[in-house]
Amino acid sequence: MWLLTEEGRREGAYAVKDINNEKILFLFEERDDAERYVMQLSVDEEVDMEVVEVDEEVAIKACEVYNYKYTIISAKDFVIPPLQDDSVQKD
């Protein structure tokens with residue numbers, strides 16, 4: 001299992017906000033998918049991210065213990081980073 005973290009740091013992990021503004025940790029089953037996501041992020045983000053391998057059971061248990069939402073991105077899933085400001089402004 002793979003997650004994203006800020007390059008050079010081992011604490012903290014990349015998460016996205018859902019429609020309720022709650023953070024959801026992305027756990028990737030495939031390293032290639034995680035690396036592809038990092039490449040997409042590098043276009044928009046100012047912080048460099050890196051892919052870190054984590055034990056699946058440990059990562060999921062930590063999320064459950066700390067009541068942190070997560071989702072597992074399988075090889076069949078297609079995810080793209082959210083836009084920085086995906087709200088539509090009305091004039």
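Values quoted throughout were computed directly from the atomic coordinates according to the rules given, and no laboratory measurement underlies them. Here the structure is a predicted model, which means the values were calculated and not measured.
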For Met49, which sequence-distant residues (separation of 5 or more, or a different chain) have an amide H within less than 5 Å of its own amide H, given hydrogens modelled in the peptide plane?
-> Glu7
If you wrap a convex hull around the C-alpha atoms of the chain and split its volume per residue, what is the figure in Å³?
-> 114
Return one number: the angle in degrees, 0 to 90 and rounded to the nearest 10, between the long axis of the Cα atoms of helix 56-65 and the longest principal axis of the Cα atoms of the chain.
-> 70
Work out from phi, with θ = phi - 60° and the Karplus expression 6.51 cos²θ - 1.76 cosθ + 1.60, the ³J(HN,Hα) of each residue of region 21-27, listed in order in whole Hz, and give x for Gly and Pro.
-> 6, 9, 6, 10, 6, 8, 10
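Number of Lys pairs in the chain with C-alpha atoms less than 23 angstrom apart, excluding same-chain neighbours closer than eight positions? Spell out each step's value before the answer.
Working: Lys17/Lys61; Lys17/Lys69; Lys17/Lys76; Lys17/Lys90; Lys23/Lys61; Lys23/Lys69; Lys23/Lys76; Lys61/Lys69.
For the chain, the number of qualifying lysine pairs is 8.
Report the gain in length on full extension from Glu22 to Phe78: 0.36 nm times residue separation, minus Cα-Cα distance, nm rounded to one decimal.
On the way: separation 56, 0.36 × 56 = 20.16 nm, distance 2.06 nm.
Gain on stretching Glu22 to Phe78: 18.1 nm.
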